[in-house]
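To start, the structure under review is shown below, and the notes come after it.
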Amino acid sequence: MRPPSSLFEPEAPCIELAEGFFLLPAFIDTAALLTQIDLIAAQTAFRHMQVGGGKRMSVAMTNCGPWGWTSSSSGYQYSRTDPLTDRPWPAMPDSFMALAQKAAATAGFGHFEPDACLVNRYASGASLGLHQDRDEQDLGQPIVSVSIGAAATFQLGGLKRSEPLRTLPLHDGDVLVWGGPSRLRFHGVQALKPTAGGPDTRHNLTFRKAK
Ligand code: MD3
Ligand code: FE
């Protein structure tokens, strides 16, 4: 499922790893993205959100765009405002929107209009347990994710938690697009192990159409 090759630009490589699940290796230079992340974090700080049983996530998160994903003792939801400041989340930078739309189109998903961008930050040892992304209204819309900084090992499962996992290394600048029959796959990120001499932090952007 990808568009016919453009007459005007050479196509970026796009590898379909499962039906509806695409890897765009080294799709983007991430230096400018980090500058934008710093500007966002200055307005709406990274925080370790609460999950069930009084625990907090090891991944630190914040958001930009009209809607932001939050987790608290009362569950998961998309909200218009940051519960820490009661102010709207920072605007989604135009460069983020352009990147998300270009990646989605490269994987064959036209007209992707994300209204939420979750920004994750992994320090050494941080991990994300196996989960599905199902808090969005229209599960027919894809999700686009961008890996920045330290490499991580991504886990790709099936539609049931019990299905076997494939692991996939994700490097700086890699973009994933998943939709169609892969939209509800279980997935997670193994504990970050930064390599000596490389960056010690990983960031990940996930672009979603929440509402
Ligand atoms: C979902 N983030 O924020 S994104 C999340 O690297 C999240 O921070 C991870 O999962 C991160 O919800 C992974 C990439 C991803 C890749 C493949 C998937 C998410 C996926 C396949 C199916 C569903
Ligand atoms: Fe997820």
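None of the figures in this text is laboratory data; all of them are computed from the coordinates on show. Quick caveat, the model's predicted, so the values are computed rather than measured. Methodologically, a virtual Cβ is constructed for each residue, glycine included, from the backbone with ideal geometry; neighbour enumeration extends over all protein chains shown.
Any idea what the relative contact order of the chain is, in percent, if you count C-alpha pairs under 8 Å spaced at least 6 apart? Walk me through the numbers on the way to the answer.
Numbers: 494 pairs, mean separation 54.3, N = 211.
Taking the mean separation of contacting Cα pairs over the length of the chain, I get 26 percent.
Can you tell me the length gained on complete extension of the stretch Thr167 to Ala105, counting 0.36 nm per residue apart and subtracting the Cα distance? List each step's numbers first, then the result.
Working: separation 62, 0.36 × 62 = 22.32 nm, distance 2.51 nm.
That pair, Thr167 and Ala105, stretches by 19.8 nm at full extension.
Rounded to the nearest 0.05, what FRET efficiency do Ser72 and Thr153 have when you use their Cβ-Cβ distance and R0 = 41 Å? So, using R0 = 41 Å, E works out to roughly 0.90. As an equivalent ellipsoid, the chain spans semi-axes of 24, 20, 19 angstrom, where each value is the square root of five times an eigenvalue of the C-alpha gyration tensor, largest first. Taking label points 7 Å from Cα along the Cα-to-Cβ direction, Leu184 and Ser127 give a separation of 2.6 nm. A Cα-only calculation for segment 130-174 places Rg and Dmax at 12.5, 32 Å.
Around Pro25, under 12 Å between beta carbons, what's the net of Lys plus Arg minus Asp minus Glu among the other residues?
Computed value for this residue: -2.
Listed by chain and number, the aspartates and glutamates placed with their C-alpha closer than 19 angstrom to that of Lys160 are Glu19, Asp133, Asp135, Glu136; residues fewer than eight positions away on the same chain are left out. The value of relative contact order for segment 96-200, using C-alpha pairs under 8 Å at least six residues apart, is 34 percent.
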